[in-house]
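Written out below as structure tokens is the structure these notes cover.
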Amino acid sequence: MSKFADMMAYLSALDDGFEHVIAVDAGFQTFQRAWVVAEIAQGHDMGLQQHLKLRNEGALRAHEVEPRSLDVRNTRSSRPEDTLEILRGIPDKDGFNRHLQNTVFNKKTGLLATWKGLDAAQKVRTAGRVARQLADEAGEE
């Protein structure tokens, strides 16, 4: 187990509100990194609330298909021995891939569905803020 995984377990034991934030780069290379993929699966298994942070919706549209072909056997790390260690710790790689696909793509509870929902909520809040500003300005005239 990685030190990061140990730290996730430790912090979640200390704080019931501990959440896992997954920052996704504009090119979606995040989903090809062995440690990141393993940590997403572990966070999900631990029952952590997980959130994706994406650059914008355009980046999602441009790369949405790529993570759907996610296979832990095709991930990489800076050190090849790290990738081998991660793969050795996953006896059922096909089952792991199905689990990971569900974690990311489930239409109701997946990370992308959750992100899209948060993005829409943020848009509504922004629209409300603009409407209040316009109403305030109209009241001042």
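Here are some notes:
- Ordered by the count of other Cβ atoms within 10 Å of each Cβ, fewest first, SER69, SER77 give SER69, SER77.
- Residues PHE4, PHE96, ranked from the fewest to the most other C-beta atoms within 10 Å, line up as PHE4, PHE96.
- Stretched out straight at 0.36 nm per residue, the stretch from ASN102 to GLN29 would grow longer than its current Cα-Cα span by 24.4 nm.
- Extended-chain gain in nm, criterion 0.36 nm per residue less alpha-carbon gap, THR109 and GLN49: 20.5 nm
Bear in mind that the values in this text are calculations on the coordinates, not laboratory data. Please read these numbers as outputs of a predicted model, since none were measured by experiment. A quick note on method: Cβ atoms are made from the backbone with ideal geometry, for glycine too, and the neighbour counts reach across all protein chains shown.
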